[in-house]
Ligand code: AMP
């Protein structure tokens, strides 16, 4: 099965993608994670995308599609995948349609004000990258990573002005994509403002 999961930043896409990958033995592919990994390892790709990501902007379509195609060509992606973070605009949608056919698109619906509240409360470990939250997944000691005891910071892309810019881009560029998938009859719309397990159950119900 080939799935795409969509939703604004902070809608819980990543969490649901991991659960879906486990449930159906699929490969979880996130373009954001691919870029973040490249940054952590300071590869040439990582250096190229650092500034763009810090400003909350999108990496070029050509580069993103190339990175994704490369990932999809790996052996483990043959069993099926749940893709998170792509396609993000109409140009990517057109490229994607040429690369592969997908079965369903899951759209998590979360209001803008809830997105801002969720993301600005995120804290990331500066050393190991573990993610905590001042509202939901609180660290045992405020400001300190549970896993490696280093300092937790508010990532550049979790600052309010950056989140608002990401939301603006998100609506601008992804609304036409969900519309296109809706017309194809493969869009499953899910209320993302529910507990994680309830969101997951709603997705399973719709997939069945
Ligand atoms: P995400 O974790 O999906 O929000 O992605 C983090 C960052 O990676 C984004 O803000 C973009 O800079 C970049 N990125 C991830 N996916 C894409 C994409 N499909 N197209 C362009 N840039 C992307």
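The values are calculated or read from the model by the stated rules, or taken from the named source; none is laboratory data. No experiment lies behind these values; they were computed from the predicted model shown. When we count neighbours, we look across all protein chains shown, and the Cβ atoms used for this are built from the backbone with ideal geometry, even at glycine.
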Legend entry - Subset of segment 47-94 [surrounded by fewer than 14 Cβ atoms within 10 Å (Cβ to Cβ) and either in contact with a strand residue (DSSP E or B) (Cβ under 9 Å, 6 or more places away or on another chain) or closer than 21 Å to residue 15 by Cβ (or both)]: 74, 76, 78, 79
Inset, instruction - Tell me which of these residue 129 doesn't satisfy, since it passes every other one: (1) over 30 Å from residue 69 (Cβ atoms); (2) surrounded by 13 or more Cβ atoms within 10 Å (Cβ to Cβ). - result: (1)
Legend entry - Flag for residue 201 being at pLDDT 95 or above, within 17 Å of the chain's Cα centre (by Cα) and farther than 23 Å from residue 33 by Cβ: no
Legend entry - Cβ-Cβ under 7 Å pairs, at least 6 apart or on other chains, segment 73-90 side closer than 18 Å to residue 108 by Cβ and modelled with pLDDT of 95 or more, far side part of a helix (DSSP H, G or I) and near the ligand (Cβ under 7 Å from one of its atoms): 86/31; 86/64; 86/92
Legend entry - helices (runs of 4 or more DSSP H) lying entirely in segment 1-109 (those with 2 or more residues that are near the ligand (Cβ under 9 Å from one of its atoms)): 13-24, 31-40, 44-54, 61-72
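Conditions (1) in contact with a strand residue (DSSP E or B) (Cβ under 9 Å, 6 or more places away or on another chain); (2) closer than 17 Å to residue 111 by Cβ; (3) within 16 Å of the ligand (Cβ to nearest atom); (4) assigned to a helix (DSSP H, G or I), marked per residue:
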site: 163; (1), (2), (3), (4): no, yes, yes, yes
site: 167; (1), (2), (3), (4): no, yes, yes, yes
site: 173; (1), (2), (3), (4): no, no, yes, yes
site: 176; (1), (2), (3), (4): no, no, yes, yes
site: 183; (1), (2), (3), (4): no, no, no, yes
site: 190; (1), (2), (3), (4): yes, yes, no, no
site: 199; (1), (2), (3), (4): yes, yes, no, yes
Legend entry - Qualifying positions in segment 110-120 - within 14 Å of the ligand (Cβ to nearest atom) and in a helix (DSSP H, G or I): 115, 118, 119
Inset, instruction - Output the number of the condition that residue 118 fails; it satisfies all remaining conditions of (1) within 16 Å of the chain's Cα centre (by Cα); (2) on the phi > 0 side of the Ramachandran plot. - result: (2)
Inset, instruction - Give the number of residues within segment 31-46 that are farther than 18 Å from residue 158 by Cβ and surrounded by fewer than 15 Cβ atoms within 10 Å (Cβ to Cβ). - result: 5
Inset, instruction - State yes or no: is residue 123 in contact with a helix residue (DSSP H, G or I) (Cβ under 9 Å, 6 or more places away or on another chain), in a strand (DSSP E or B) and without any contact (Cβ under 8 Å) to a residue 60 or more places away in the chain? - result: yes
